Amino acid sequence: MVDAAVRVSDDLLKKYEKVSNATVLGELGRRGYQKVFMYGVKSLAPGRRLVGRAVTLRYLPSRPDLQERITRGGHGEGFNETPRWDALEALTPGDVLVADCMGMSMTSTGGDVVFSRILSQGAAGLVTDGGVRDGHKVAKYGYPVYGGGSTPTVGEPNVLPYEVNEPIQCGTVLVWPGDVILGDEDGIVVLPSQLAEEIYDECVHHDEVEAAILWHTQKEGISPKFFYPFNEETEKIYKAWKQEHGK
């Protein structure tokens with residue numbers, strides 16, 4: 001298994017709950033990380049913020065020899081002794097299961113019984129570019145759920161789980177084990193774990209400056225265009241906003 005570049009602390013994860021995904025995307029872009037927003041992955045439980053460390057699971061197209069390679073134990077065809085269960089059992093509080101289903105958005109990566117384990121493990125949520133079987137039932141567990149869609153089908157005729165906690169793609173972007181997964185109504189941003197501490201203060205500052213611009217322009221009835229890119233006038237507004245809000 002590939003070790004995370006940095007294990008992001010629970011305290012830092014908590015702080016990121018109040019940081020805008022768009023701001024993180026901007027800060028990463030300034031450092032050359034342009035491809036960190038997942039395509040085709042949407043919230044199946046709107047209104048829930050997701051912040052957690054990635055535990056990765058990679059699927060491959062089904063084939064009899066792959067099934068023989070991955071299955072263990074004597075339960076039926078062995079589907080309940082595969083890397084998918086290894087990934088679920090590896091979850092701890094603050095972790096997110098991130099499943100690479102090769103963008104097969106209506107191919108199930110699991111359903112309500114399988115993903116009930118995320119709930120009992122106290123993990124942070126689920127992200128996949130595949131489908132979620134009975135997604136409406138999984139959403140009722142209360143944790144954030146992101147996927148390509150909800151489907152009534154099973155996945156095994158099309159895909160099988162192959163490996164855990166290795167680098168994967170999900171939604172066309174790279175995910176390393178331990179990366180910070182950020183989900184909101186717009187979708188999923190992947191924050192490389194080694195940058196989480198480095199960019200946090202800048203993200204907070206950026207969000208505060210934009211809050212100051214909104215506060216000032218709405219109060220004065222003027223256009224925000226005068227304060228972008230951030231300039232001396234922006235800084236004056238920001239200082240006034242901090243004083244007004246006791247920052």
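The values are calculated or read from the model by the stated rules, or taken from the named source; none is laboratory data. Remember, predicted model here, so these are calculated numbers, not experimental data. Quick reminder, even Gly has a Cβ in these numbers, built from the backbone with ideal geometry, and neighbours come from all protein chains shown. Heavy atoms of the whole protein, side chains included, go into the accessibility calculation; ligands, DNA and RNA do not. Shrake-Rupley method; radii C 1.70, N 1.55, O 1.52, S 1.80 Å.
Data overview
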quantity: Top-ranked residue in the range 209-227 [being open to solvent by 100 Å² or more (accessible area, probe 1.4 Å) and within 21 Å of residue 20 (Cβ to Cβ); ranked as nearest to the chain's Cα centre (by Cα)]; calculated: 214
quantity: Pick from the range 1-58, criterion of a type in the set (Asp, Glu) and open to solvent by 30 Å² or more (accessible area, probe 1.4 Å), ranking: farthest from residue 175 (Cα to Cα); calculated: 11
quantity: Some residue of the range 154-173 being more than 25 Å from residue 24 (Cα to Cα) and of a type in the set (Asp, Glu); calculated: yes
quantity: Which listed residue is open to solvent by 40 Å² or more (accessible area, probe 1.4 Å), within 25 Å of residue 89 (Cβ to Cβ) and within 23 Å of the chain's Cα centre (by Cα), from 167, 177; calculated: 167
quantity: Extreme residue, least open to solvent (accessible area, probe 1.4 Å), among residues of the range 81-110 that are modelled with pLDDT under 95 and either at positive phi or part of a loop (DSSP other than H, G, I, E, B) (or both); calculated: 82
quantity: Any hit, the range 139-147, residues being under 25 Å from residue 70 (Cβ atoms), of a type outside the set (Val, Ile, Thr), touching a Gly at 6+ places or on another chain (Cβ under 9 Å) and open to solvent by 10 Å² or more (accessible area, probe 1.4 Å); calculated: no
quantity: Filtered residue count, the range 115-135, keeping only those that are of a type outside the set (Val, Ile, Thr) and touching a residue at least 40 places away in the same chain (Cβ under 8 Å); calculated: 6
quantity: Search result, residues across the range 228-240 that are open to solvent by less than 70 Å² (accessible area, probe 1.4 Å) and under 21 Å from residue 19 (Cα atoms); calculated: 234, 237, 238
